[in-house]
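Right, one structure below, let's go through it.
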Amino acid sequence: MNIELRHLRYFVAVAEELHFGRAAQRLHISQPPLSQQIQQLEQAMAARLFSRTNRSVQLTPAGEAFLQDARATLLQVEQAVQRAARIHHGQEGELRIGFTSSAPFTGLMSDALYQFRQRWPEVHIQMQENNTRQQLTPLHEGRLDLGVMRNTPLPADLQYRLLLREPLSAVVHWAHPLADAETLSVQALASEPFVFFDPQGGTALYSEILALLHRYQITPFITQEVGEAMTILGLVATGLGVSILPASFRRARLADVVWLPLQEKDATSEVWLVWSAQREPTAQMRNMMDLLLRGAEK
């Protein structure tokens with residue numbers, strides 16, 4: 001005979017009431033089946049759990065020891081059930097998000113993370129900073145739940161929603177001759193030394209900004225190639241060259257850098273929310289997606 005949870009519940013009720021009639025009432029069953037279940041439990045354990053007389057029911061030493069373990073087992077099962085339910089409804093669990101280095105500067109992502117933490121504090125959020133291309137394989141393999149990245153060609157198994165479209169801006173040193181302009185055309189940067197992304201870095205901004213320049217027949221004079229946008233800003237701040245970056249990076253507030261809006265209407269960059277089409281979104285994913293997408297609509 002397999003000992004089941006109902007045997008433990010029956011045993012605990014009798015052990016706490018020390019009366020089969022009261023225990024049966026508590027369990028909403030009749031007394032004979034309860035007595036039969038306790039007898040089967042004792043037979044399965046090959047141990048007497050109760051000492052019975054016509055007037056009383058008492059726990060045996062084996063019964064007293066088993067009572068502690070039975071209560072602990074039932075409590076553990078109850079906690080496991082509650083935890084599973086909380087994970088299913090998104091109140092606990094884990095959420096793994098990939099993001100590009102530029103994503104936190106948009107404000108949209110930082111606001112959504114703050115709201116998520118306030119509403120679901122018991123969900124562990126694992127943030128992984130990766131450039132756009134580096135997020136694709138983990139999303140495909142299920143090692144990331146969501147990705148926040150710049151627009152890029154996606155494999156067929158990944159789907160996306162647009163979070164925001166932001167302007168691109170020219171970035172120059174404060175003492176640069178162009179620094180006093182209110183706006184700038186990309187043509188003004190055609191002969192300037194350019195601080196730009198390393199083509200091997202995997203960032204989608206490399207292709208995006210280069211495509212913008214090529215649309216206006218500009219081949220940038222690249223003198224410095226680096227891996228991260230913040231490094232680009234740092235080098236522009238030293239006067240080593242100019243660059244083009246999403247306007248959200250202005251939140252970095254480097255004193256020696258001047259941001260100049262570009263005049264071209266197509267000088268924009270998109271930020272996407274990406275996830276696998278082959279996996280059913282978890283409640284944790286749906287909650288975060290809802291916050292991000294509602295924020296994008298504002």
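Numbers below:
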item: Extension reserve of the Ala181-Arg22 stretch, reckoned as 0.36 nm per residue once the Cα distance is removed; result: 48.4 nm
item: P(r) weight above 19 Å for segment 163-270, C-alpha pairs, percent; result: 36
item: Förster radius 41 Å - calculated FRET efficiency between Ala156 and Trp259, Cβ distance, rounded to 0.05; result: 0.60
item: Reciprocal of mean inverse Cα separation for the chain (Kirkwood radius, Å); result: 24.0
item: Antiparallel content of DSSP bridges confined to segment 163-270, in %, to 5; result: 65
item: Antiparallel DSSP beta bridges within the chain, percent to nearest 5; result: 60
item: Compactness of segment 209-298 - radius of gyration and Dmax, Cα, Å; result: 17.6, 49
item: Estimated D of segment 1-156 in µm² per second, where Rh is the Kirkwood radius over Cα pairs and Stokes-Einstein applies at 4 °C, 1.567 mPa s; result: 64
item: Spin-label pair Trp174/Glu280, simplified geometry with 7 Å Cα→Cβ offset, distance in nm; result: 5.7
item: Whole-number percent relative contact order across segment 163-270, with pairs defined as alpha carbons under 8 Å at least 6 apart; result: 51
item: Relative contact order (percent, whole number), segment 31-88, Cα cutoff 8 Å, 6+ residue spacing; result: 18
item: Relative contact order (%) - the chain, alpha-carbon pairs under 8 angstrom, separation at least six; result: 22
item: Calculated P(r) of segment 123-202 - Cα pairs past 16 Å, %; result: 67
item: Cβ-based net charge around Ile222, under 13 Å, with every Lys or Arg adding one and every Asp or Glu removing one; result: -3
item: Spin-label pair Leu75/Gln40, simplified geometry with 7 Å Cα→Cβ offset, distance in nm; result: 2.8
item: Segment 205-247: C-alpha pair distances exceeding 11 Å, %; result: 68
item: Reduced Cα scattering model of segment 5-88, Debye log10 I(q)/I(0), q = 0.10, 0.13, 0.17 Å⁻¹; result: -0.27, -0.43, -0.68
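Values quoted throughout were computed directly from the atomic coordinates according to the rules given, and no laboratory measurement underlies them. The shown structure was predicted, so the numbers you read here are calculated from the model rather than taken from an experiment. All Cβ positions, even for glycine, are placed from backbone atoms using ideal geometry, and neighbour counts span all protein chains on display.
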